[in-house]
1. Under a crude label model (7 Å from the Cα following the beta-carbon direction), how far is THR312 from ALA278 in nanometres?
2. At a Förster distance of 35 Å, what's the computed FRET efficiency of GLU302 paired with ASN132, Cβ-Cβ distance as r, to 0.05?
3. Between the DSSP loop rule and a limit of at most 14 other Cβ atoms within 10 Å, which GluC sites (Glu not before Pro) in region 242-305 are left?
4. Per-residue accessible area for THR201 at 1.4 Å probe radius, Å² rounded to 10?
5. Toward the positive end of the charge dipole of region 159-318, about the Cα centre and with charges on Cβ (Lys, Arg +1; Asp, Glu -1), which of PHE172, ALA229, MET308 goes farthest?
6. Can you give the calculated 222 nm mean residue ellipticity of the chain, where each DSSP H run of n ≥ 4 adds -39,500 (n - 2.57) and the sum is split over every residue, rounded to the nearest 500 deg cm²/dmol?
7. Taking the solvent-accessible surface of protein heavy atoms with a 1.4 Å probe, what is the per residue accessible area of region 1-113 in Å²?
8. Ignoring ligands, DNA and RNA, what percent of the 1.4 Å accessible area of region 44-180 is carbon and sulfur?
Amino acid sequence: MWGIIATWRMAVEGIGKASEMLKAEGDAGDAIETAIKEVEDFPYYKSVGYGGLPNEEMEVELDAAYMDGDTLDIGAVGAIKDFANPISIARRLSRESVNNFLVGEGAEKFAHREGFERKNMLSDRAKIHYRNRVKEVQEQEIKPYSGHDTVGMVCLDTHGKMTAATSTSGLFMKKKGRVGDSPVSGSGFYVDSMVGGATATGLGEDVMKGCVSYEIVRLMKEGMHPQAACEKAVQMFDETLRRRRGKAGDMSLVAMNNKGEWGVATNIEGFSFAVATADQEPIVYLTKQVDGKCVHEVASQEWLDNYMKTRTAPLVEK
Ligand code: SD4
């Protein structure tokens with residue numbers, strides 16, 4: 001058995017590439033890194049890698065993480081600038097015995113010394129988005145910009161090895177130095193090859209309050225199916241936040257266990273995700289809430305066409 005699941009429609013091309021590697025009995029680490037790089041390199045996704053939306057100071061600061069579910073090795077970078085593939089730097093850091101999570105200048109120094117590709121990650125489109133947003137956002141509380149989506153993946157290879165990985169430009173207009181849940185173990189991701197893995201997208205500040213990815217893996221370890229584990233963890237934590245704080249930020253999680261079974265849960269409308277396994281070609285699903293329950297269905301061709309059209313449409317400066 002092999003499988004890979006990822007947050008958001010944008011992951012599907014990467015998942016396609018990873019599938020070919022997994023089919024050929026490739027390694028879950030190589031497959032997930034390839035898949036995430038594909039998303040990082042695509043200029044029209046404005047929330048991951050090149051083309052990602054900048055912080056308040058118009059700088060693109062990126063967060064990424066990699067976890068090996070066999071050894072439990074973790075590598076992560078926070079608020080790193082000017083490198084093409086943060087995921088590869090995170091994976092490289094996972095092989096160090098200490099200093100596994102580096103931020104800002106320290107992360108950049110490490111990446112430079114290790115010979116990772118430098119790149120100015122601020123695209124012209126992102127500059128237009130920034131200038132437009134400056135006009136809108138003044139004095140408003142910063143929320144994850146709609147369509148501002150972290151890519152998170154969980155992967156299982158034919159050898160039974162599992163990995164998890166994330167990559168994001170975080171919240172649009174975040175403060176310089178702000179780091180979200182995505183590079184934080186247990187919050188943005190977690191994986192244990194003996195059980196399974198989970199990964200999150202949404203408001204990092206809230207996901208971190210509940211270590212939601214770890215909670216899902218913990219529930220799967222108790223014997224729950226990934227779908228039941230995702231539903232329970234997301235629903236309970238969403239309720240907890242509403243009860244204790246009066247509101248809950250966006251929170252969407254996907255999970256896969258070491259049998260290739262998967263699940264999803266979200267507290268928003270219209271969350272998309274992509275899955276491929278030995279039994280199914282890469283498919284994009286969309287979620288919707290029905291009677292308070294999160295259900296998912298295969299995305300229609302019309303939805304898929306419209307997705308790309310809106311992502312690549314010409315941008316006008318307001
Ligand atoms: C963060 N979780 O930095 C990320 C942002 C995100 O959909 O996933 N937005 O908080």
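1. For the pair THR312/ALA278, the computed spacing is 3.5 nm.
2. Efficiency for this residue pair is about 0.80.
3. GLU269
4. Number for this one is 10 Å².
5. Going by the charge dipole, the pick is PHE172.
6. -10500 deg cm²/dmol
7. Accessible area per residue, region 1-113: 35 Å².
8. Of all accessible area on region 44-180, carbon and sulfur atoms account for 46 percent.
The values are calculated or read from the model by the stated rules, or taken from the named source; none is laboratory data. Being a predicted model, the structure only gives us computed values, none of them experimental. Heads up, the Cβs are rebuilt from the backbone with ideal geometry, glycines too, and the neighbour counts pull from every protein chain shown. Side chains included, ligands, DNA and RNA excluded: accessible areas come from the protein's heavy atoms. Shrake-Rupley method; radii C 1.70, N 1.55, O 1.52, S 1.80 Å.
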